[in-house]
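Below: one structure, written as structure tokens.
What follows draws every value from the coordinates through simple rules; no lab data is involved. Note that this is a predicted model, so its numbers are computed, not measured. A quick note on method: Cβ atoms are made from the backbone with ideal geometry, for glycine too, and the neighbour counts reach across all protein chains shown.
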Amino acid sequence: MSIFDIFHKPKQLRDRYAIALDIGTEFVKALIFRVEPRRGIVVGVGRQRQRLQDMHGGGVTDIHGVIANARRALDEAKLMAGLLPEQVIIGIAGELVKGTTTTIRYVRPNPTATISFEELRDIIARVQRRAFDRARSVLAWETGQSEIDVRLVNAAVVDVRIDGYKVTNPLGFQGKEVLVGVFNAFAPIVHLGALQTIAENLDLDLLSITAEPYAVARCTGESESQEFSGIFVDVGGGTTDIAVVRAGGVEGTKMFALGGRAFTKRVGTVLGLNFQEAEDLKLQYASGELPVKRAEDVRRALEADLQVWYSGVELTLGEFTTVDLLPSRILLCGGGSALPDISTLLRTAKWSRKLPFARKPAVHFIRPTDVAAIEDKTGLLTNPWDITPMALANVAIDLVGEETVVDTILTKVVGALRQ
């Protein structure tokens, strides 16, 4: 079987309504939205807490438990929206979801000839083969399984240049050197299969599965600009997802298994509380509702784990070896980012000299209102944990738009490689 067997051109939306389903470690979050020209209108919101045994590190560990939770979240959103669409876009996360931009520099034998469809297709095919070989090698090394079954999750052309000149449609241009960058996200089949099973059991038609850090990196209006650069850090319940965007293109996405659930467990262990008591205390601490003495107890309990988390961020950024200069802007989201210590730690950090920052990075939060293409009619999307499902809805908007020439070619290449 080819790596592209379950990847297909995303289906077009029917009836202009769809569901964004964010299956997180702590919560399942569901949005029902209507797609209009270049924007999505959220008309229903649902949220259901997961049990401890349902998820681990961003991956599904109890499919039936997650299905039950997703049903409750969907019922809540359906009650609000007055309808339940048939189609769904689902986010995927976890340590073994790998996203990177692979770039090919191709020197043309005849620079005066115009670039043809066939020539561009061949260049993109080279990119895709190289990307798969790299992803399989990385996952094999990390898991110790040489025959790990890898599948493509996302594929998007993020950069096309001719002799250093950036273009959106290279057909018809002349030039000597063509540079094409394609972002690809890969995941083990076991993760993708679990999400497909969940969609089937919910009687939903799967529009697309999307790597969550990629969706978050594309969700703000300014991130579409060719001048925009930034580091997106999504602190979830089980993982921290990081995406680096440079000059409007996603350089890569990486994740490590440390998030809000680990912080809750630490508070419980240090202060002698069960998980739910520790979770409630952590949330009160994050919202500034605790007395000074109790807040200091929580801060001290979290201190060691937060330093480990920060080390994880540093190590992860160090893995972006293809980036000459890291963006000097960090954008935070996710439920775990509500802890005040997270932003304080990043703002006061003495970053490793090995990280290629031009200057100390500024830290900002992504607000729901920053997801420019998504309008919330419910008034309920106000928190850092709402960004990811809104980002998934934002990706779905693109599914109803016209494909660019290079995206059309990418689709054809992926289709051919499936044969």
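Looking at the square roots a ≥ b ≥ c of the eigenvalues of the Cα gyration tensor of the chain, which shape do they give, rounded for a/c under 1.5, prolate if a/b is larger than b/c, or oblate? Since a/c reaches 1.5 and a/b is larger than b/c, the shape of the chain is classed as prolate. On full extension, the segment bounded by Leu202 and Lys265 gains 19.5 nm, given 0.36 nm per residue less the C-alpha separation. Measuring between alpha carbons in the structure, the pairs from Lys29/Lys282; Lys254/Lys282; Lys78/Lys254 lying more than 22 angstrom apart are Lys254/Lys282; Lys78/Lys254. Net length available on complete extension from Tyr165 to Phe357 is 66.6 nm, with 0.36 nm assigned per residue and the Cα-Cα distance removed.
Ignoring aspartates and glutamates fewer than eight residues from Lys377 along the same chain, the ones with Cα atoms less than 17 angstrom from its Cα are Glu36, Glu76, Asp386.
Our analysis of the range 153-306 gives Rg over Rh at 1.13, with the two radii drawn from alpha carbon positions and Rh computed by the Kirkwood formula. The largest-to-smallest principal axis extents of the Cα set in the range 46-112 are 61, 32, 15 Å. DSSP beta bridges confined to the chain are antiparallel in about 75 percent of cases. Which residue, Ala155, Ala349, Ala217, tops the fluctuation ranking in a GNM of the chain built on C-alpha contacts under 10 Å? Ranking Ala155, Ala349, Ala217 by mean-square fluctuation puts Ala349 first.
Calculated translational diffusion coefficient of the range 84-192 (4 °C, 1.567 mPa s; Stokes-Einstein with Kirkwood radius over alpha-carbon pairs) equals 83 µm²/s.
For the range 326-373, applying the loop criterion from DSSP together with a ceiling of 16 other beta carbons within 10 Å to the chymotrypsin sites (Phe, Trp or Tyr not before Pro) yields Trp351. Dividing the convex hull volume of the alpha-carbon atoms in the range 221-365 by its residue count gives 106 Å³ per residue. Partners of Lys166 within straight-line reach, counting aspartates and glutamates whose Cα lies under 19 Å from its Cα and excluding those fewer than 8 residues away in the same chain: Glu119, Glu177, Glu222, Glu224, Glu227, Glu251, Asp324, Glu403, Asp407. Pairs of C-alpha atoms in the range 158-225 farther apart than 17 Å represent 63 percent of all such pairs.
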